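A short write-up of the structure that comes next.
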Amino acid sequence: MTVQLPLERSALASSDDSLGSHEIAPDLAYLRAVLVNVVFHGPRNAGDRGWVLIDAGVPGSADAIRQAAEKRFGAGARPAAIIQTHGHFDHVGALETLSREWDAPVYAHALELPYLSGKVDYPPPDAAADGGIMARLSPLFPRSPIDVSERLHALPDDCSVPFMPGWSWLHTPGHTLGHISLWRSSDRSMIVGDAFITTGQESAYEVAVQALEMHGPPRYFTPNWQAAAGSVRLLAGHRPQLVVTGHGRAVAGPAMLTALQQLADGFETIAPPQHLRRSA
Ligand SMILES: [Zn+2]
Ligand SMILES: [Zn+2]
């Protein structure tokens, strides 16, 4: 049985249902694509080196990311840095191309660096995860590491985020070893990558329909469910007001927070694939 935590439309951070770029705070926008989101940090017309890209989309998305960035920040405006929540193929697709073209430094958690410097492959996905087509196809997804070692840096030990004053990074492992989320306490904004997501991601139907749902990390690609539970509890404990996830729509407000707390409280019975789930 699939356990779901449906989210009401009132939880949407932007009521605009179209794909494309959505502003959700004066200095925060995300490019909503079919498969995955990327986040732009910086005010409109921030200009060259005046903004930061968080995550780099699926392979083949460099043009779409560049165009959305130029529209928001100005023609030819390059980011000061690219920050990776983690290094899965659907978040690093355009990373080699864009970091080279923009000559931009790339930052990730120290434990994620081997996957971004051509050294280590991710563990194989769990193809038994809930039988959907995405899960069954998941062994075919690229797992080979990309190599951006020339421009790659570990995030600072003091948890500050380069070129994003007021933000800190939180280590949120489980989905990957070095997965991070970004947090700004002044307005309780959170960028969580795949620590949790707001749509089902296991079946092609779910990916196409993108029903709004508070959902644990993508099931077929999460090797450590215990750590993933701890990460969701850590994030829920911050009581965010606005959340941008790697998959699904950005969400905000009390309906979001209630569902996030439910996910944190019932994580073991809701989030893992059925064959690993603890019954309620
Ligand atoms: Zn991922
Ligand atoms: Zn993902």
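The values are calculated or read from the model by the stated rules, or taken from the named source; none is laboratory data. In this text, all values refer to a predicted model and were calculated from it rather than measured experimentally. Positions of Cβ are backbone-derived with ideal geometry, glycine not excepted, and every protein chain shown enters the neighbour counts. What goes into the accessible areas is simple: the full protein's heavy atoms, side chains included, and nothing from ligands, DNA or RNA. Shrake-Rupley method; radii C 1.70, N 1.55, O 1.52, S 1.80 Å.
Just one of PHE163, PHE196 is open to solvent by 20 Å² or more (accessible area, probe 1.4 Å) and either within 16 Å of ligand 2 (Cβ to nearest atom) or at positive phi (or both); which is it? Checking each option against the conditions leaves just PHE163.
Can you spot a residue in region 132-139 that is open to solvent by 40 Å² or more (accessible area, probe 1.4 Å) and at pLDDT 95 or above?
Keep residues of region 132-139 that are open to solvent by 40 Å² or more (accessible area, probe 1.4 Å), which gives 133, 136-137, 139.
Now restrict to residues that are at pLDDT 95 or above: none.
So far as region 132-139 goes, no, none of its residues is open to solvent by 40 Å² or more (accessible area, probe 1.4 Å) and at pLDDT 95 or above.
Residues in region 21-42 that are out of contact with any helix residue (DSSP H, G or I) (no Cβ under 7 Å at 6 or more places or on another chain), at pLDDT 90 or above and assigned to a strand (DSSP E or B): 9 in all.
Taking the numbered list (1) within 11 Å of ligand 1 (Cβ to nearest atom); (2) on the phi > 0 side of the Ramachandran plot in turn, ARG188 passes all entries but (1). Is it the case, given these coordinates, that PRO173 is more than 17 Å from TYR122 (Cβ to Cβ) and either within 16 Å of ligand 2 (Cβ to nearest atom) or surrounded by fewer than 24 Cβ atoms within 10 Å (Cβ to Cβ) (or both)? The answer is no for PRO173. Only a single criterion out of (1) of a type outside the set (Asp, Glu); (2) surrounded by fewer than 16 Cβ atoms within 10 Å (Cβ to Cβ); (3) under 15 Å from PHE196 (Cβ atoms) is not satisfied by GLN274, namely (3).
Among residues of region 180-204 that are outside any loop (DSSP other than H, G, I, E, B), those with a beta-carbon under 8 Å from a residue that is within 13 Å of ligand 2 (Cβ to nearest atom) and open to solvent by 20 Å² or more (accessible area, probe 1.4 Å) at least six positions away or on a different chain give the pairs ALA204/MET134.
Testing ILE65 on (1) touching a His at 6+ places or on another chain (Cβ under 6 Å); (2) in a helix (DSSP H, G or I), one condition comes back false. Which one is that? The failed condition is (1). Quick check on region 239-247. Is at least one of its residues assigned to a helix (DSSP H, G or I), charged (D, E, K, R) and either within 13 Å of ligand 2 (Cβ to nearest atom) or within 17 Å of LEU7 (Cα to Cα) (or both)? The answer is no; no qualifying residue exists. Considered as a group, the residues in region 105-124 that are more than 17 Å from LEU182 (Cβ to Cβ) and touching a residue at least 40 places away in the same chain (Cβ under 8 Å) include one that is farthest from ligand 2 (Cβ to nearest atom), and that residue is LEU113.
Within region 218-234, the only residue that satisfies the criterion of being over 10 Å from GLY174 (Cα atoms), within 16 Å of ligand 2 (Cβ to nearest atom) and either touching a strand residue (DSSP E or B) at 6+ places or on another chain (Cβ under 7 Å) or of a type in the set (Gly, Ala, Ser) (or both) is PRO218.
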